[in-house]
Amino acid sequence: MILDRSDLENDQSEFTWNDRYMEEKLMRAVQYSRYGGGPSGLEHVEVPIPTPNKDEILVKVEAASLNPFDWKVQKGILWPLFPSKFPQIPGNDVAGEVIKVGPGVKKFKAGDKVVAMITPGIGGGLAEYAVSKESLTVARPPEVSAAHGAPLPVAGLTAHQAVTESAGVNLDGSGKHKNILIIAASGGVGHYAVQLAKLGNTHVTATCGARNMEIVKSLGADEVLDYKTPDGAALRSPSGRKYDVVIYCAAGIPWSTFEPNLSENGKVIDITPVPTALFGYALRMLSKKKLVPMLLKPKGENLDFLVNLVREGKLKTIIDSKYPLSKAEDAWAKSIEGHATGKIIVEPYARLVWLCQLMHEPRRVTAIEVENSAQLQLIKLRRSLNNLVWIMAEKLMHGVRYNGYGGGPSGLEHVDVPIPTPNKDEILVKVEAASLNPFDWKVQKGMLWPLFPSKFPQIPGNDVAGEVVKVGPGVKKVKAGDKVVAMVTPSVGGGLAEFAVVKERLTVIRPPEVSAAHGAGIPVAGLTAHQAITQSAGVNLDGSGKHKNILIIAASGGVGHYAVQLAKLGNTHVTATCGARNMEIVKSLGADEVLDYKTPDGAALRSPSGRKYDVVLYCAAGIPWSTFEPNLSENGKVIDITPVPTALFGYALRMLSKKKLVPMLLKPKGENLDFLVNLVREGKLKTIIDSKYPLSKAEDAWAKSIEGHATGKIIVEPYSAVQRKIRWQLSIGFLHVRGEMEMYQKSQLRLQVELEKVIELGVWIMAEKLMHAVQYSGYGGGPSGLKHVEVPIPNLNNDDILLKVEAASLNPFDWKVQKGMLRPLLPRKFPQIPGNDVAGEIVKVGEAIKNFKPGDKVVAMINPAIGGALAEFAVAREKVTVARPPEVSAADGAGLPVAGLTAHQALTQSAGIKLDGTGKQANVLVTAASGGVGHYAVQLAKLGNVHVTATCGARNIQLVKSLGADEVLDYKTPDGAALNSPSGRKYDAVIHCATGIPWSTFEPNLSENGKVIDITPSPSSLITYAFKKLTFSKKLMVPVILNPKGENLDFLVKLVKEGKLKTIIDSKYPLSKAEDAWAKSIDGHATGKIIVEP
């Protein structure tokens, strides 16, 4: 039996899922330890969970919101007022669940959902738990999500105070009419201010960027100015109004711009007053037109008022973007950038991860409480299992939807909605992957009004691949557990969710050889290409039939890349157009000739071989008939897969002409979808994947689709690889629970719990013994050459260690191997999973391993000839694996192996520097000192008796100085390019971490016996090395080939532990976005290390 939740209420023990966290008394948080540093100054730490004092509340943070105040405090702009102390966990806006209340708290209890503002001097929002004052904590009703409630405290209260107290607007619509101007109306404060002002008797003029004008209008603004136009810059009302109040949410606008636009007693309310505003305030105290600086005075009753407005649908939070706590640096950078539309949200836990932690609890409990009585143990197991059962009974799923036309990515919202029920001839599918098409955002944009959508709110998406969960009456071909590819009914949609309902007739079996991601791309794009090639163009895909010359436009796009491959199955010659960066890909798909559409011949669609086209498959827009016509054969036709009214008119005009324009509307058929899936299985058709996004970042996928330059298909996955891994671990946990319970059955108490349904969530994944990885199958291709695959977890030899990868680091070596620069030495074989730097936890050890055991945290360097870091699991050798102490995070440790060891070897062995500070004083130059090797080299050099000169870009000069460099050169200045020491020193050693600097630049800057240590030796540096050796020169070029040693890696890890060495992290990417990390590495301007986290 499964216990009723009411049984829990009768239990005398007070053990809940939160107790595990309270027992550990640690939480994840983001903090900074000094002024300055921006995103790279943030560090991820585990710190004690705070304790609520009198009148305080401990909140488990479900969402936090960033404000400019946060990074201004870090920057020192509010010194000496804020912060009250270092280290500082920033963030003042939170929404979550009450865990514990301090003495004196009357209004709240554990379990209440709340929105709270944290005391600004203390902060604490960017953490798993935060403490708030009861006076600034209000109840959050079910209609208000955590993400929509979290931004209200600072931004919402600021807007409320500005509109009501400073501007004197009554929000019940009474009072004198006022003309109000809101500047930066699409920002955090501004978007709330527009909506609140419109609750009063007001006319609202607003300024924002051109891309946000429609959004601001939708919030209620009566007229909107693009701030970059002359009228917008001058703040002139389109209707000629003078403003009674200006709510000034930006910076840099002088009084001389405001003054002529104000009414006789008009005032400017400056919500971010700076010293000049205070001076202007004093100057205008006796003037009728005033500049009024405003300081926020937060009040609980006002916050409660705002939350209830959201509940009633009278106020909404526009969310610019969401980030997990693990990517808080990206959120911080986005806030500093200053162009967010609405609010930036940070979520410590995704919903599924939260559920998984709850589900994982029984295993943790038994470990903690193993010495307790059987009775207490079983009561706690009952509580944990019933918490799970209760959540499963809610029958909710996560989805992404929009509530009206327009809004683009910011118009999407994340919701928990009921799992749909399949009706007759319908199938409920657990979505493993969905694919976006231009159709999706065109529907949102209103381009297919009034046909689509059939109703609002709308969950978009028509392409899915996943597993059948349930079938409706009348379904014969599939059953629960079957893997399928399906097309969702376009008028209904539903692909961007955890579950979707599909019709049986458009659902086909997905064989094991076809991954969910590769299957999900097929329905709309694949079927469109198939219909265009076979029905419209008349090509037989068995190679028979009359030969045809076919032109495919936008051949690297979703439909286009399938069309090229399908056309080549017939008796065809295929010409294709695409962008220059994709020409090799399109050739690899089979195109006979490829045109860059930006060249004259490409723009004119001229075949390089002089052919006239029998068929043009037109997958783009904006090309006039006059361009097509001269390139067509006598009876040639243009098949327009996205017909617009002008195409329909052209079709009618040319009905009697031999050369035709044929608009095409998709008529999806299950047998054609099955044909395409089987082509993929046979290797005759492949899906090119441009990028993958978790459902939590569907907005980014949407923006990418609207941008229109995707190579192949954009995939959205409801469950990330990390989440799949968690689910696998859950199965182990529940199997352990079952074993524990069997042991306790020897006691008087017997408890029968049906665990099978719960175990099913993960057992199948464990049984497959597969892992998610990124690999490439040949030389070249850059980021688009990487493929996401499910491959077997690697096996161990006797002296190997299997790691669960928590963080991996990229190095230029990785993409150079892919590019073929180390051919034929590397890689040893294809396909290749790249990456050599990892940090993680040992899962299994070989028989000969003596120094490590499962559960140990380590840093390791993988054999470069084998690779394997960009995966969920990796194999390392014991000799280059070292223990990672708790003080060293996985991300900080993962940066060390290649870059850290290279810097260490260059300084100690090649340059002869002693890192204990002894030895002769040396002058050392480090080039590219803000890069991966360079930033370590600066710090290590300063441990010796060394004067360090460094070169880097202007934006990183202060950072490199903070690492210890004595003098820093901007490499783009004349002195920087010439490597001239500002103090006139000659260098005893140059740690050369860049490329492209000739010997003639180094030579005059070297001391008598100076040497240039080249960490990435090229043929020219090797020639220089040989020449200098043969001529017995005192000044030498010394190429470095890394010889990694475990003892040196251990030394570096301990330096990090002691705070003597730090890893600067440029950026972090989930494994699902490894292509972006790869592109960032190739770009060559990373500051420190690029980290990938499975």
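The values are calculated or read from the model by the stated rules, or taken from the named source; none is laboratory data. All figures in this text were calculated on a predicted structure; none of them were measured in a lab. For neighbour counting, all protein chains shown are included, and Cβ atoms are generated from backbone atoms with ideal geometry for every residue, glycine included. Areas reflect the complete protein model, heavy atoms only, side chains present, ligands, DNA and RNA absent. Shrake-Rupley method; radii C 1.70, N 1.55, O 1.52, S 1.80 Å.
Please work out which one of (1) over 19 Å from residue 838 (Cα atoms); (2) of a type in the set (A, V, I, L, M, F, W, C); (3) open to solvent by less than 30 Å² (accessible area, probe 1.4 Å) is the condition residue 943 fails and give its number.
(3)
Of these, 957, 913, which one is among the aliphatic types (A, V, I, L, M), more than 28 Å from residue 1077 (Cα to Cα), out of contact with any Phe, Trp or Tyr (no Cβ under 6 Å at 6 or more places or on another chain) and open to solvent by 10 Å² or more (accessible area, probe 1.4 Å)?
When all the criteria are applied, what remains is 913.
Which one of these is under 29 Å from residue 444 (Cβ atoms) and crowded, with 24+ Cβ neighbours inside 10 Å: 558, 579?
Answer to the selection: 558.
Quick check on region 648-657. Is at least one of its residues under 29 Å from residue 462 (Cβ atoms), outside any strand (DSSP E or B) and at pLDDT 85 or above?
no
So, in region 89-99, exactly how many residues are open to solvent by 10 Å² or more (accessible area, probe 1.4 Å) and within 15 Å of residue 124 (Cβ to Cβ)?
Matching residues across region 89-99 total 2.
Working only within region 851-862, note down all residues that are in contact (Cβ under 8 Å) with a residue 24 or more places away in the chain, out of contact with any Asp or Glu (no Cβ under 6 Å at 6 or more places or on another chain) and open to solvent by 60 Å² or more (accessible area, probe 1.4 Å).
851, the sole residue that qualifies.
Might you let me know whether region 176-186 holds any residue that is part of a loop (DSSP other than H, G, I, E, B), touching a residue at least 12 places away in the same chain (Cβ under 8 Å) and more than 19 Å from residue 321 (Cα to Cα)?
First, the residues of region 176-186 that are part of a loop (DSSP other than H, G, I, E, B): 176-177, 184-186.
Now restrict to residues that are touching a residue at least 12 places away in the same chain (Cβ under 8 Å): 176-177, 184-186.
With more than 19 Å from residue 321 (Cα to Cα) added as a condition, the list becomes 176-177.
Looking through region 176-186, at least one residue is part of a loop (DSSP other than H, G, I, E, B), touching a residue at least 12 places away in the same chain (Cβ under 8 Å) and more than 19 Å from residue 321 (Cα to Cα).
Scan region 904-918 and report the pairs whose first residue is closer than 16 Å to residue 1009 by Cα and whose second residue is open to solvent by 40 Å² or more (accessible area, probe 1.4 Å), with Cβ atoms within less than 7 Å and a gap of 6+ or a chain change.
From residues that are closer than 16 Å to residue 1009 by Cα, the pairs are 913/919.
Can we say residue 763 is more than 27 Å from residue 512 (Cα to Cα), touching a Leu at 6+ places or on another chain (Cβ under 9 Å), surrounded by 16 or more Cβ atoms within 10 Å (Cβ to Cβ) and at pLDDT below 85? Full working, then the answer.
Details: more than 27 Å from residue 512 (Cα to Cα): no; touching a Leu at 6+ places or on another chain (Cβ under 9 Å): yes; surrounded by 16 or more Cβ atoms within 10 Å (Cβ to Cβ): yes; at pLDDT below 85: yes.
For residue 763, the condition - more than 27 Å from residue 512 (Cα to Cα), touching a Leu at 6+ places or on another chain (Cβ under 9 Å), surrounded by 16 or more Cβ atoms within 10 Å (Cβ to Cβ) and at pLDDT below 85 - is not met.
Among 154, 131, 216, which is touching a strand residue (DSSP E or B) at 6+ places or on another chain (Cβ under 7 Å) and surrounded by fewer than 24 Cβ atoms within 10 Å (Cβ to Cβ)?
On inspection, the qualifying residue turns out to be 131.
Select, from 499, 452, the only residue that is out of contact with any Phe, Trp or Tyr (no Cβ under 7 Å at 6 or more places or on another chain) and buried (at least 21 other Cβ atoms within 10 Å of the Cβ).
499
Counting only residues that are within 26 Å of residue 822 (Cα to Cα) and open to solvent by 50 Å² or more (accessible area, probe 1.4 Å), which one in region 998-1015 is modelled with the lowest pLDDT? Please lay out each step first, then the result.
Kept after step one, since they are within 26 Å of residue 822 (Cα to Cα), are these residues of region 998-1015: 998-999, 1011-1015.
Now narrow it down to the ones that are open to solvent by 50 Å² or more (accessible area, probe 1.4 Å): 998, 1011.
Details: 998: 91, 1011: 95.
Among them, the one singled out is 998.
Answer yes if at least one residue in region 504-512 is farther than 20 Å from residue 685 by Cα and either assigned to a loop (DSSP other than H, G, I, E, B) or open to solvent by 20 Å² or more (accessible area, probe 1.4 Å) (or both), and no otherwise.
yes
Restricting to region 926-950, and then to whatever is in a helix (DSSP H, G or I) and out of contact with any strand residue (DSSP E or B) (no Cβ under 7 Å at 6 or more places or on another chain), can you tell me which residue is nearest to residue 915 (Cα to Cα)?
Filtering first and then ranking leaves 940.
Of 115, 169, which residue is touching a strand residue (DSSP E or B) at 6+ places or on another chain (Cβ under 8 Å), among the β-branched types (Val, Ile, Thr) and farther than 17 Å from residue 60 by Cα?
Matching residue, one of 115, 169: 169.
Within region 459-474, restricting attention to residues that are assigned to a strand (DSSP E or B) and open to solvent by 10 Å² or more (accessible area, probe 1.4 Å), which residue is farthest from residue 432 (Cα to Cα)?
So the first thing to find is which residues in region 459-474 are assigned to a strand (DSSP E or B), and the list is 463-471.
Applying the additional criterion that residues be open to solvent by 10 Å² or more (accessible area, probe 1.4 Å) yields 467, 469-471.
Values: 467: 7, 469: 12, 470: 15, 471: 17 Å.
Out of the qualifying residues, it is 471.
Starting from residues that are acidic (Asp, Glu) and either in contact (Cβ under 8 Å) with a residue 60 or more places away in the chain or farther than 21 Å from residue 903 by Cβ (or both), keep the ones in region 961-997 and report whichever is surrounded by the fewest Cβ atoms within 10 Å (Cβ to Cβ). Don't jump to the end; show me each part of the working.
Applying the first criterion (acidic (Asp, Glu)) to region 961-997 yields 966-967, 970, 975, 988.
Checking the rest, the ones that are also either in contact (Cβ under 8 Å) with a residue 60 or more places away in the chain or farther than 21 Å from residue 903 by Cβ (or both) come to 970, 975, 988.
Values: 970: 16, 975: 13, 988: 22.
Per the stated criteria, the residue is 975.
Might you let me know whether region 83-103 holds any residue that is touching a helix residue (DSSP H, G or I) at 6+ places or on another chain (Cβ under 9 Å), at pLDDT below 85 and in a loop (DSSP other than H, G, I, E, B)?
Checked against the condition, which is being touching a helix residue (DSSP H, G or I) at 6+ places or on another chain (Cβ under 9 Å), at pLDDT below 85 and in a loop (DSSP other than H, G, I, E, B), region 83-103 yields at least one hit.
Where residues in region 1037-1068 are touching a strand residue (DSSP E or B) at 6+ places or on another chain (Cβ under 8 Å) and open to solvent by 40 Å² or more (accessible area, probe 1.4 Å), which of them is farthest from residue 33 (Cα to Cα)?
1044
Yes/no per residue for (1) out of contact with any Cys (no Cβ under 9 Å at 6 or more places or on another chain); (2) closer than 28 Å to residue 781 by Cβ; (3) buried (at least 16 other Cβ atoms within 10 Å of the Cβ):
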residue: 807; (1), (2), (3): yes, yes, yes
residue: 814; (1), (2), (3): yes, yes, yes
residue: 817; (1), (2), (3): yes, yes, yes
residue: 824; (1), (2), (3): yes, yes, no
residue: 833; (1), (2), (3): yes, yes, yes
residue: 838; (1), (2), (3): yes, yes, yes
residue: 882; (1), (2), (3): yes, no, yes
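So, in region 781-805, of the ones that are of a type in the set (Asp, Glu) and modelled with pLDDT under 90, which residue ends up least open to solvent (accessible area, probe 1.4 Å)?
Filtering region 781-805 for residues that are of a type in the set (Asp, Glu) and modelled with pLDDT under 90, the one least open to solvent (accessible area, probe 1.4 Å) comes out as 799.
Being assigned to a helix (DSSP H, G or I), closer than 24 Å to residue 568 by Cα and among the small types (Gly, Ala, Ser) narrows it down to one of 620, 603, so name that one.
Result of the check over 620, 603: 603.
Residue under question is residue 528, and the condition is that it be in contact (Cβ under 8 Å) with a residue 24 or more places away in the chain, under 19 Å from residue 617 (Cα atoms) and polar (S, T, N, Q); does it hold?
Considered against the rule, which asks whether it is in contact (Cβ under 8 Å) with a residue 24 or more places away in the chain, under 19 Å from residue 617 (Cα atoms) and polar (S, T, N, Q), residue 528 comes out as yes.
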